[in-house]
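Inspection log for the structure reproduced underneath, given as structure tokens.
The values are calculated or read from the model by the stated rules, or taken from the named source; none is laboratory data. Computed from a predicted model, the values in this text were never measured in an experiment. Positions of Cβ are backbone-derived with ideal geometry, glycine not excepted, and every protein chain shown enters the neighbour counts. The area values use the complete protein model at the heavy-atom level, side chains included, leaving out ligands, DNA and RNA. Shrake-Rupley method; radii C 1.70, N 1.55, O 1.52, S 1.80 Å.
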Amino acid sequence: MTQSVHVATGIASIPLLLAKLWTVFPKLWAWPPVESVLHGLERVALVPLVAGSVFELFSGVANTARWYPYPFFFTSTHYWVAWLTIGALLVHIGAKLPITREALSRRRERDPEPPGEGLSRRGLLAWVGATAGILIVGTVGETLRPFRRLSVLAPRRPDIGPQGLPVNTSAHQAGVGDVARDPAWRFVVDGRVKTRLSLSLEDLRAMPRREAVLPISCVEGWSASARWTGVSVAEVLRRAGARPRATAVVESLQRDSTYARSSLNRSHVQDPDTLLAYEVNGETLDLDHGYPLRLIGPNRPGVMQTKWLYRMVVR
Ligand SMILES: Nc1nc2c(c(=O)[nH]1)N[C@H]1C(S)=C(S)[C@@H](COP(=O)(O)O)O[C@H]1N2
Ligand SMILES: [Mo]
């Protein structure tokens with residue numbers, strides 16, 4: 001829900017922002033540029049508002065296409081610029097409140113829209129609404145399966161990929177093709193444990209099976225649910241003799257990637273549906289989905305559903 005609403009509302013904001021910038025553009029050249037100290041402050045506050053809004057929408061769309069034309073890390077920048085933009089928006093709303101209040105309280109008859117001057121305000125809003133609607137319908141199929149055939153504007157469809165699930169990074173791209181298939185593969189559980197475990201896939205399969213229907217909610221704009229089978233992280237920790245309030249970090253065979261490890265907080269660890277999964281939709285995991293073992297758990301973004309696990313460090 002949160003992932004798709006975030007992406008859909010972000011995409012729908014694009015025509016709204018463009019229309020807004022287009023209508024206020026002439027004011028950029030108003031003369032004199034500053035009429036008073038207050039007016040000057042108000043205009044300065046527009047810089048983070050406009051720059052922040054444009055950056056948020058641009059970087060968000062670029063992220064859905066996995067395009068990062070800047071040196072900084074997308075996630076934290078997108079997050080912090082959002083706070084700056086919200087702050088600038090509050091300042092802007094505060095500065096415009098008197099005008100807005102006056103405009104809203106004015107009676108329509110006393111202030112009819114001047115006829116014949118191009119698009120009316122209502123017409124403009126209708127166009128913005130229609131464009132936003134088209135953009136949403138053209139992309140929301142990345143999360144809502146019934147719309148998948150209409151997803152002509154989306155970079156991918158959530159049902160295309162091995163076992164009906166998309167793949168962002170294949171085993172080949174991650175450079176794990178051979179090590180992941182190595183029969184000597186073991187899953188190691190160490191750190192703050194009483195007993196260090198070293199488990200083969202057969203050992204894991206011999207442990208209590210647990211099934212959960214869970215989505216991969218990818219911040220790159222898509223999500224897809226599947227039925228996962230594996231062993232509860234909680235069960236493995238119990239066998240290793242971890243303390244009751246333990247947390248953990250899982251590590252991938254993949255090297256040199258921000259996705260190669262992820263941490264599990266206490267509620268993730270304790271949720272019985274947080275799985276070390278070896279099957280999806282009743283089949284052994286495809287190599288591209290993290291064979292032999294991947295993490296999958298509720299309330300975690302896709303980036304934290306680490307694939308090709310080989311180790312869990314308990315803390
Ligand atoms: N080791 C590893 N795990 C990973 C990734 C990755 O690149 N490497 N991608 C993550 C991301 S961003 C998502 S959304 C999910 C699903 O990605 P997939 O479609 O590549 O399976 O796996 C996550 N686990
Ligand atoms: Mo992702």
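Note down the net charge around LEU89, summing +1 for each Lys or Arg and -1 for each Asp or Glu among other residues with Cβ under 12 Å from its Cβ. Display every interim value, and only then the final one.
Details: positive: LYS20, LYS96; negative: GLU56.
With Lys, Arg at +1 and Asp, Glu at -1, the net is +1.
Could you order the peptides 132-140, 23-31, 288-296 from most to least packed, using the average number of other C-beta atoms within 10 Å per residue?
Values: 132-140: 17.6, 23-31: 9.1, 288-296: 24.7.
My ranking of the peptides, most packed first, is 288-296, 132-140, 23-31.
What shape does the stretch 9-123 have by the C-alpha gyration tensor, where a ≥ b ≥ c are the square roots of the eigenvalues, rounded means a/c under 1.5, and otherwise prolate means a/b greater than b/c and oblate the rest? Before the final figure, lay out the partial values.
Values: a/c = 2.26, a/b = 1.60, b/c = 1.41.
Taking the square roots of the gyration eigenvalues as a ≥ b ≥ c, the stretch 9-123 is prolate.
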Carbon and sulfur together cover what percent of the accessible area of the chain at a 1.4 Å probe radius? 62
Dipole check, the stretch 27-148, charges on Cβ (K,R +1; D,E -1), about Cα centroid: among LEU124, ALA95, VAL54 the Cα furthest to the positive pole belongs to LEU124
According to the square roots a ≥ b ≥ c of the eigenvalues of the Cα gyration tensor, what is the shape class of the stretch 206-246, taking rounded for a/c under 1.5, prolate for a/b larger than b/c otherwise, and oblate for the remainder? oblate
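Could you estimate the translational diffusion coefficient of the chain from the Stokes-Einstein equation, with Rh from the Kirkwood formula over C-alpha pairs, at 20 °C and 1.002 mPa s, in whole µm²/s? Spell out each step's value before the answer.
Details: Rh = 22.9 Å.
Stokes-Einstein gives a translational diffusion coefficient of 94 µm²/s.
Please calculate how many Å² of accessible area the chain carries per residue, with a 1.4 Å probe and no DNA, RNA or ligand atoms counted. The partial results should precede the final answer.
Values: 18460 Å² over 315 residues.
In whole numbers, the chain has 59 Å² accessible per residue.
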Magnitude of the Cβ-charge dipole (Lys and Arg +1, Asp and Glu -1) of the stretch 120-212 about the Cα centre, nearest 20 debye, reported as 440
The answer for ALA154, listing residues at least 5 apart or on another chain whose modeled amide H is closer than 5 Å to its amide H, is none
So what's the gap between the Cα centers of the stretch 123-157 and the stretch 32-70, to the nearest angstrom? 25
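With only Lys, Arg, Asp and Glu charged, each at its Cβ (+1 for the first two, -1 for the last two), find how big the charge dipole of the stretch 172-315 is about the Cα centre; round to the nearest 20 debye. Mind dumping the intermediate values first?
Values: 21 positive and 16 negative charges, 172 e Å.
It comes to approximately 820 debye.
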Phi-derived 3J(HN,Hα) across the stretch 157-166 with the Karplus relation (6.51, -1.76, 1.60, θ = phi - 60°), rounded Hz, x for Gly and Pro, is 10, x, 10, 9, x, x, 6, x, 10, x
With the charge dipole of the chain built from beta-carbon charges (+1 for Lys and Arg, -1 for Asp and Glu) about the Cα centre, the Cα from GLY302, LEU199, TRP22 projecting farthest to the positive end belongs to LEU199
Long-range HN-HN contacts of GLU279 with modeled amide H, under 5 Å: THR229, LEU285
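To the nearest 20 Debye, how big is the dipole of the stretch 42-162 about its Cα centre, given +1 on the beta carbon of each Lys and Arg and -1 on that of each Asp and Glu?
Working: 15 positive and 9 negative charges, 63 e Å.
Value, rounded to 20: 300 debye.
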Starting at the first residue of the stretch 183-190, write each ³J(HN,Hα) from the Karplus equation 6.51 cos²θ - 1.76 cosθ + 1.60 with θ = phi - 60°, in whole Hz, x for Gly and Pro. x, 7, 4, 9, 9, 9, 10, 9
Going by a ≥ b ≥ c, the root eigenvalues of the Cα gyration tensor, does the stretch 162-314 fall in the rounded group (a/c under 1.5), the prolate group (a/b larger than b/c) or the oblate group? rounded
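Please identify the DSSP H helices in the chain that span no less than 24 Å along the helix axis (Cα) and have a mean Kyte-Doolittle hydropathy of 1.0 or more. Could the numbers behind the result be given before it?
Details: long enough: 2-24 (32 Å, 1.09); 46-64 (27 Å, 1.35); 74-105 (42 Å, 0.71); 121-139 (27 Å, 1.12).
Within the chain the helices that satisfy the rule are 2-24, 46-64, 121-139.
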Positive-end extreme of charge dipole, the chain - chosen from LEU135, PRO71, VAL7 (charges on Cβ): VAL7
